[in-house]
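Shown next, in structure tokens, is the structure this report addresses.
What follows is calculated from the coordinates using simple rules that are stated; it is not laboratory data. All values derive from a computational prediction rather than experimental measurement. No Cβ is skipped: glycine too gets one built from the backbone with ideal geometry, and neighbour counts run over all protein chains shown.
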Amino acid sequence: MNTIIGYIVIFLIAAGLISTVISLYNRLIMLKFNVDKAYANIDLLLKQRTDEIPDLIKVVKESVNYESSQLEKLTKLRTAFINSTDQDERVKLSNTMAPMVHSLVAVAENYPDLKANTGFNVLQQRVSDIEDAITDRRELFNESVNMYNIGIHEFPNVLLARILGYKDKTLLRVSEQEKQYDGIRF
Amino acid sequence: MTNFIHDITRFEVAPPAVFFLMLFSLLLALVHTLIFLALFKISFRPSKLLYILYPSIMAVTAFIDLRWIVLEFIVLFLFTFVLGICGMIFAFIKSVKLSQKERHRFRKKHHIPRKPLRKKILGGFFSLLFILVFYVNPGLFVLSIFLILPILSLILPSKRNRFFKYQQLLPTSKIRSVAMGLAELRGELIAGDALLSSPIKSKRCIGFQYSIEKVSTDKDGKKSYRTIFNETKCNPFRLKDATGTISVNPENMDLYQLDIDERYQSGGKRYTQRLLMPKDQVLIVGKIGLQNNIPVLQYEPIKKVFGIAPYHYITTYNTFKPLLNRFLSFTSIFGFFVALILMSTIVIRQDYIGITFTPTGHNFVLLNNQSHNKLKDIHKSQNRKNKIITPQQTNPDTAVQRAKEDELPPEVHIETIELPDIPSNTTKKKTK
């Protein structure tokens, strides 16, 4: 009888162990894909912001005597962003475009005609919303990365993570370019 | 049987015996009255009918023929058993009918649909199978319970488990920037267009969870509860956080661990009401979809998860779950060693300790004769060094004798150590 009880206990422990390994594996997979999804969701917003650029340029060009070299530069950066497939490059291009788009949107403060333009106001609002959403999603991305990094370093997850070759992911940090504030230039 | 009747009716009963039999028939009348009253729910008018009837029949029989009175008494006595068995069957059928009637009334009151016949048959079949297995082979029954339940829970995790798993794995999104797909949101509840009226005290609320449990009390007075009715209702509402609001479509949404609002016990049933109120701080896991081009939080059909729980409960859960997991891990390790011990045969003799792992037949010797002797040698050398004498050696004669046996060198001085805590026979003898 003792042997049968022993077998039952061993079976239960084995079943528990297998289910734990399966759930750990699923947990790690989910954490990893959460990070990928969070990153992809930021990329979507970056793309959305880039899509607003032509309309912005058009409205600004019609109403204000804006420096044409800046507009051309912005258009080139946008084209490069659309054609790029490399994630890091896309982020870099987006970061370069961000202050230019900000200054383009902020132009209205000095031009009452532009401020009165409904189309521009709508664009301004949309860009502002996208910027807010990008900030939120960056936070979400960092939270996902943090959960993932903690997840792969926790015991016993760390054993499985090593077998699967999971490595730390880096958090999104504000670049020096973004930190720098040059004021609004025209 | 004929012989028995013949033997019984051969002799005439003496008049004093008739008197005693009539007295005993009164006792039978009492038992029969009780059976009729308790099991058949029949009360006689007049209430003492059987107390008059039985002795009267016996008296009449005695008057007609004294030989038949014993047989009559035996028949009345045996009738007690027949009446008892019939009464129990009758009471059982009546109680089944009564409970069926009550269930029907209950279903009608709470609009519960009837259980499909297919489910009833399947349930009956499995119950019968379990009972059969239990009677044929109890060991197999226990084993099947242990096998089936963990495997089932592994294959089919409950909605609740899925909800708590996802809330641990998903980062909390902000409403303003929440992306399409599975998401976790945290915020304050805002009532939609209409509020619901709760079942107890008709309180205005966004949603409620109402359950009725049947209360059973065992011999020790310990109460146990079985849920016989569960109702969850929720109206569309909005969720608000610091960045914005989002509509929630409550279809297929489960409410978890809501605080008890009202609870009372009446007529062997316990009624519990839990409410989802405006301004409650909650956490929701579900899918962000579009309805009329507006983001809406709704049921996630692929992962089959959509639930809401109070935020304070989620915090507590996330604090204590890792502790519980740790406890389970340690228990499993402990259980593993217990299983190994159960599966092994341990032999302990004076000069041998061995463990045999029964399934494989591997033998592990922990201590045999040789190692025992080695231990003895070590013990001796330690005694020499420390000049320690054990309490048993307090008798000088015995100590000298043992020293001789152990071949201690003559320079070792043996002292008697007084041990106040341990009363020894030697000390007692000395005082005498």
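Net charge in the neighbourhood of A:R126 (other residues with Cβ under 15 Å of its Cβ; Lys, Arg +1, Asp, Glu -1) is -2. Legend: residue pairs A:K169/B:K321; A:K32/B:K159; B:K41/B:K109; B:K214/B:K303; A:K167/B:K165, Cα-Cα distance threshold 30 Å; pairs beyond threshold, B:K214/B:K303. Ordering A:143-149, B:128-134, B:160-166 by mean Cβ neighbour count within 10 Å, with the highest value first, yields A:143-149, B:160-166, B:128-134. Here region B:2-92 is treated as an ellipsoid with the same Cα gyration tensor; its semi-axes, largest first and in whole Å, are 27, 16, 8.
Average projection, convex hull of the Cα set of region A:2-179: 13.6 square nanometres. So how far, in whole Å, is the C-alpha centre of region A:87-122 from the one of region B:261-284? Each part's Cα centre sits 52 Å from the other's.
For the Cα trace of region B:285-349, dividing Rg by the Kirkwood Rh returns an Rg/Rh value of 1.41. With Cα atoms defining each centre, region B:205-251 and region B:302-346 are spaced 25 Å apart in the structure. Take the Kirkwood radius over Cα pairs of region B:159-311, plug it into Stokes-Einstein at 20 °C and 1.002 mPa s, and you get 130 µm²/s for translational diffusion. Inter-chain Cβ neighbour count for B:172-181, averaged per residue, equals 6 (cutoff 10 Å, partner chain atoms only).
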